[in-house]
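The values are calculated or read from the model by the stated rules, or taken from the named source; none is laboratory data. Here the structure is a predicted model, which means the values were calculated and not measured. Using ideal geometry, Cβ is built from the backbone for each residue, glycine included, and neighbour counts are taken over all protein chains shown. The protein model used for the area step is the full one, side chains on, heavy atoms only, and it has no ligands, DNA or RNA in it. Shrake-Rupley method; radii C 1.70, N 1.55, O 1.52, S 1.80 Å.
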Amino acid sequence: MAKSKTKRAKPKKHHAAVEPMLEFGNRWDYSPAPESTPVPLKKRYSLYIGGKFVAAKSGRVFRSVNPATGRKLTDIAAGDREDVDLAVKAARKALTGPWGKMPAAERGKLIYRIARMVQERSRELAILETMDGGKPIKESRDVDLPLVAAHFFYHAGWADKLEYAFPGKKPQPIGVCGQVIPWNFPLMMAAWKLAPALACGNTVVLKPAETTSVTALHLAEIIADAGLPDGVVNIVTGKGSTGAAVVQHPGVDKVAFTGSTRVGKQIAAATAASSKRLTLELGGKAANILFDDAPLDQAIEGIINGIYFNQGHVCCAGSRLLVQESVYEQVIHKLSDRIKTLRVGDPLDKNTDIGAINSKAQLTRISELVDSGVAEGAQLHQSGCKLPGEGYWFKPSFFTGVTASHRIAREEIFGPVLSVMTFRTPGEAIERANNTCYGLSAGVWTDKGSKIFKIAAELKAGVIWANTYNKFDPASPFGGYKESGFGREGGLQGLASYVDIS
Ligand code: NAD
Ligand code: MN
């Protein structure tokens, strides 16, 4: 231990030596490589109710924009209470009809079919996801879409094995599930919600986020083509009031929500006086704890991924970095070097690392919190990159000189902004990491396995990554402590939220 410390004390000089290299940032510029596959974007998107694509009863639509241009992409049907009611009725009919009577193995086959069709159409879906939401194509192509397919594959396998998942019980579907999802992983959140619900024999009314509804409606086409009976999956697009109508509908037996803690609390209140089952996946303010014995270059890559992946629009983003004091200078140096090389721009370009901020409203929220950080006395460090002239963008940023009481240390920024703080001892790291109203995830970076186990056991967070970050697997349960919500998605624990075993 002492030996490794003396070894690591030297690199400070080494830093001064490599400094000039950083001027070469521009040499790494690549020629533009935009995705050129044509995509079947429609001029107008309908609701999907009872196996049919239908306009909202009111005839109203709202627009979804491409955040990389700020311009309108398409019109989406604005469903309201009346449409939600039709969707819940269609879901009930399917539950007591063909879906409820279908042997579980047949149900499983249909879910496998969805998984395969998602794979077949993954390129088109990835492009649409990027156009509607602003995330880099390399992420929607290499992360979101493979995880969407994986989620359906995994849960398809459970459909006829639920009795093994819950031995000694006779697991039954809960009924009609009302699911409301956010805009940060539109299709992946749809898959996280739909796959376990369907595997357990439930039917669904899904409400996508208003800025990113397009891919859910393409998924509806896949679901129709796969041959699921009418009404098993219904998709009602609209804004917050549409979500509220889903949650409050008396015909909904189970509510699953992912989104802000503010809305999560409203939903908890709205369902409190009912027998509805509820799971909430809310915000986070995860700490990445970096010890001085960690391989620093690898750790920096993981920390960069932890905060800048998907423009920081990630509930489990590693938005607080706790660095052991002995390596603080080195880490700050490496961080500022690395953010200079991140490519910000056209999300459809295959070389882009950081795409567009999902909406103007989100950009305003991020800017307001960043301003508060500066006003409260923290130091802002930003990449010197040029931002495109139109659309919504934010430079990859981090703050030093952050104290635990600063808003940027406490509140979810949900953008590409990292707050860096320090610690001296493992005990202090744990205390600081747990000093938050959230508890969704955390990261530990160290060379010592024993330290990982000790720290992980004391962190109050649902998911803890060690020497990696933002790794997801459908077999691994995901969910929070404290104000990050309750209930788990994925794995056996996730299935439990969609069965009645009483
Ligand atoms: P939000 O919670 O308002 O929206 C999430 C979903 O809930 C959307 O589909 C929305 O239409 C719906 N909704 C809104 N009001 C509702 C209501 N009263 N009843 C039922 N459904 C309702 O999130 P937002 O305003 O888009 O983002 C605000 C903040 O939330 C972000 O800055 C971020 O901190 C957080 N957020 C977290 C996650 C996450 O994955 N945990 C995702 C998105 C946003
Ligand atoms: Mn959009």
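At 1.4 Å probe radius, can you tell me the per residue accessible area of the stretch 287-475 in Å²? All intermediate terms of the calculation are to be shown ahead of the outcome.
On the way: 6920 Å² over 189 residues.
So the stretch 287-475 comes to 37 Å² accessible per residue, rounded to a whole number.
Per residue of the stretch 278-286, what does 6.51 cos²θ - 1.76 cosθ + 1.60 with θ = phi - 60° give for ³J(HN,Hα)? Whole Hz please, x for Gly and Pro, Karplus curve as stated.
Per residue, the Karplus-derived 3J(HN,Hα) values read 9, 10, 10, 10, 10, x, x, 8, 5 Hz.
Residues with amide H under 5 Å of VAL444's amide H, sequence separation 5 or more or different chain, H placed in the peptide plane at 1.01 Å from N; which?
Amide H to amide H, under 5 Å and 5 or more residues apart or across chains, VAL444 pairs with ILE289, TRP465, ALA466, ASN467, THR468.
Evaluate the charge dipole of the chain about its Cα centre and quote only its size in Debye, nearest 20, assuming +1 on the Cβ of each Lys and Arg and -1 on the Cβ of each Asp and Glu.
On the way: 64 positive and 49 negative charges, 103 e Å.
In total the dipole reaches around 500 debye.
To the nearest 0.05, what FRET efficiency results for GLU301 and ASP225 with a Förster distance of 30 Å applied to their C-beta separation?
Numbers: r = 40 Å, r/R0 = 1.33.
Approximately 0.15, to the nearest 0.05.
With just the Cα atoms defining each centre, how far is the stretch 228-246 from the stretch 395-472? Give it in Å.
36 Å
Round to the nearest 10 and report in Å² the accessible area of TYR30, as given by a 1.4 Å probe over the protein chains' heavy atoms.
Taking all protein chains as shown, TYR30 has close to 140 Å².
Quick one: helix 296-308 against the long Cα principal axis of the chain, what's the angle to the nearest 10°, folded into 0 to 90?
40 degrees
List, in order, the whole-Hz ³J(HN,Hα) value for each residue of the stretch 38-50 obtained from phi through the Karplus relation with A = 6.51, B = -1.76, C = 1.60 and θ = phi - 60°; use x for Gly and Pro.
x, 10, x, 6, 9, 6, 8, 10, 9, 6, 10, 10, x
Among the trypsin sites (Lys or Arg not before Pro) in the stretch 345-402, which ones are in a DSSP loop with at most 12 other Cβ atoms within 10 Å of the Cβ? Mind listing them?
Working: sites: LYS350, LYS360, ARG365, LYS386; in loops: LYS350, LYS386.
Of the trypsin sites (Lys or Arg not before Pro), the ones in loops of the stretch 345-402 whose Cβ has at most 12 other Cβ atoms within 10 Å are LYS386.
Give me the accessible area per residue for the stretch 132-183, probe 1.4 Å, as a whole number in Å².
Value returned for the stretch 132-183: 36 Å² of accessible area per residue.
To the nearest 20 debye, what is the magnitude of the charge dipole of the stretch 287-475 about its Cα centre, counting +1 on the Cβ of each Lys and Arg and -1 on the Cβ of each Asp and Glu? Intermediate results must be reported in sequence, preceding the final value.
On the way: 19 positive and 21 negative charges, 33 e Å.
Its charge dipole is roughly 160 debye.
For ARG71, what accessible surface area do you get with a 1.4 Å probe? Give it in Å², rounded to 10.
So the heavy atoms of ARG71 present about 130 Å² to solvent.
Would you mind telling me the antiparallel percentage of the DSSP bridges in the stretch 287-475, rounded to 5?
Working: 4 of 25 bridges.
Among the beta bridges of the stretch 287-475, antiparallel pairing accounts for roughly 15 percent.
Indicate the gyration tensor shape class of the stretch 247-382 (rounded, prolate or oblate), computed on the Cα atoms with a ≥ b ≥ c the square roots of the eigenvalues: a/c under 1.5 is rounded; otherwise a/b larger than b/c is prolate and the rest oblate. All intermediate terms of the calculation are to be shown ahead of the outcome.
Details: a/c = 2.24, a/b = 1.90, b/c = 1.18.
Cα axes put the stretch 247-382 in the prolate bin.
Rounded to the nearest angstrom and ordered from largest down, what semi-axes does the equivalent ellipsoid of the chain get from its C-alpha gyration tensor (root of 5λ)?
On the way: eigenvalues 317, 135, 80 Å².
Ellipsoid semi-axes (Å, largest first): 40, 26, 20.
How far is helix 104-120 tilted off the main Cα axis of the chain, in degrees rounded to 10, range 0 to 90?
50 degrees
Count charges around ARG71 for me, please; just the other residues with Cβ under 10 Å from its Cβ, Lys/Arg as +1, Asp/Glu as -1.
Working: positive: ARG63, LYS72; negative: GLU390.
Result for the local shell: +1.
When only the heavy atoms of the protein chains count and the probe is 1.4 Å, how do ILE300, ILE501 rank by accessible area, highest first?
ILE501, ILE300
Is the stretch 41-138 rounded, prolate or oblate when judged by the Cα gyration tensor, a ≥ b ≥ c being the square roots of its eigenvalues, rounded requiring a/c under 1.5 and prolate requiring a/b larger than b/c?
Working: a/c = 3.50, a/b = 1.29, b/c = 2.71.
The shape class here is oblate.
Of the DSSP beta bridges with both residues in the chain, give the percent that are antiparallel, rounding to the nearest 5. Mind dumping the intermediate values first?
Values: 20 of 60 bridges.
Expressed as a percentage, antiparallel bridges in the chain total about 35.
Projecting each Cα onto the charge dipole of the stretch 287-475 (Lys/Arg +1, Asp/Glu -1 at the beta carbon, about the Cα centre), which of GLY443, GLY384, ASN358 comes out farthest on the positive side?
Checked the options; the winner is ASN358.
Distance cut-off 21 Å, Cα to Cα: go down the list LYS42/LYS386; LYS207/LYS482; LYS135/LYS340; LYS340/LYS451; LYS89/LYS276; LYS42/LYS89 and report the pairs above it. Please list the in-between numbers first.
On the way: LYS42/LYS386 32 Å; LYS207/LYS482 25 Å; LYS135/LYS340 19 Å; LYS340/LYS451 32 Å; LYS89/LYS276 17 Å; LYS42/LYS89 27 Å.
Going by Cα-Cα distance, LYS42/LYS386; LYS207/LYS482; LYS340/LYS451; LYS42/LYS89 fall outside the 21 Å limit.
Not counting the cut sites, what is the longest span of the chain without GluC sites (Glu not before Pro) that DSSP labels loop and that have at most 16 other Cβ atoms within 10 Å?
On the way: sites that count: GLU376, GLU390.
Between the exposed loop sites, the longest stretch runs 1-375.
Just name one of TYR498, SER64, ASN305: the one whose Cα is farthest towards the positive end of the charge dipole of the chain (beta-carbon charges, Lys/Arg +1, Asp/Glu -1).
The one lying farthest along the dipole's positive direction is TYR498.
Using only the alpha carbon atoms of the stretch 287-475, find the Kirkwood hydrodynamic radius as the inverse mean reciprocal pair distance, in angstroms to one decimal. List each step's numbers first, then the result.
Working: mean 1/r = 0.0601 Å⁻¹.
Hydrodynamic radius (Kirkwood, Cα pairs) of the stretch 287-475 is 16.6 Å.
Would you mind getting me the FRET efficiency between SER367 and GLU82? Use the beta-carbon distance for r and R0 = 41 Å, nearest 0.05.
Calculated value: 0.65.
What length, rounded to one decimal in nm, is gained on full extension from GLN266 through to VAL39, with 0.36 nm per residue of separation minus their alpha-carbon distance? The partial results should precede the final answer.
Working: separation 227, 0.36 × 227 = 81.72 nm, distance 3.76 nm.
Gain in length upon complete extension: 78.0 nm.
Roughly speaking, to the nearest percent, how much of the chain's 1.4 Å accessible area is carbon and sulfur?
Working: 11050 of 20450 Å².
Here it works out to 54 percent.
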